[in-house]
Amino acid sequence: MEDCTKAVFAFSKLTEINSRRSARYTSAADRVKNIHLKIIFMNYAFQAQQLNADLRRWISAYGVPAAQNAEGYFSAMWSKVREVFSFSTEDAVFNLCEELEEEALKNYKTALILSFLPAAALKDVEKQFKEIQKIKDNLRSMKQSHVYELQAA
């Protein structure tokens, strides 16, 4: 039973970070003017929602409803307040998104290293980790090319 509780806790933490990712990308899409970036950020928000749906299936498989903890709620609220003041430039948008992706990757690494998850779920989590890593790499690449465009102008 303890392994089940640990697995559900891990799934819940990953669900929490993906909820924050979705909210951050939705907010980023609202703030940028470039239509291409809006589409990319909305796709990333949707992807985070899809990852959450997969994680919730695993939580349901254990028969345990995911509980929203107070720490997650306050963390999400602080993140929203911070975004209001920090999304003043596209560069800031990229920095905040990249920072959250780094946090997500740390959460995923922890879940993978501690191995509380069943083998099938572990494969799903590894796949999600790789997807988030690609997004982080894409953000860095887009940020660098955007900075280059600004310098060339």
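The values are calculated or read from the model by the stated rules, or taken from the named source; none is laboratory data. Nothing here was measured: the structure is a model prediction, and the numbers come from that model. Note that we place each Cβ from the backbone using ideal geometry, even for glycine, and neighbour counts take in every protein chain shown.
Taking the conditions exactly as written (surrounded by 16 or more Cβ atoms within 10 Å (Cβ to Cβ) and at pLDDT below 85), does residue 98 satisfy them or not?
Here the answer is no, as residue 98 does not meet what is asked.
Within the stretch 6-62, track down each residue that is under 17 Å from residue 124 (Cβ atoms), basic (Lys, Arg) and free of Cβ contacts under 8 Å to residues at least 12 places away in the same chain.
57
Name the residue, out of 127, 123, 136, 109, that is basic (Lys, Arg), surrounded by 14 or more Cβ atoms within 10 Å (Cβ to Cβ) and modelled with pLDDT of 80 or more.
From the options 127, 123, 136, 109, the qualifying one is 136.
Quick check on the stretch 1-12: of everything there that is surrounded by 19 or more Cβ atoms within 10 Å (Cβ to Cβ) and not β-branched (Val, Ile, Thr), which residue is farthest from residue 105 (Cα to Cα)?
7
Of all residues being surrounded by fewer than 19 Cβ atoms within 10 Å (Cβ to Cβ) and either of a type in the set (Ser, Thr, Tyr) or farther than 17 Å from residue 96 by Cβ (or both) in the stretch 34-46, which is nearest to the chain's Cα centre (by Cα)? Just the residue, please.
This residue is 46.
Restricting to the stretch 21-47, and then to whatever is among the charged types (D, E, K, R) and in a helix (DSSP H, G or I), can you tell me which residue is modelled with the lowest pLDDT?
Among them, the one singled out is 31.
State whether the residues of the stretch 1-20 include one that is of a type in the set (A, V, I, L, M, F, W, C), modelled with pLDDT under 95 and outside any helix (DSSP H, G or I).
yes
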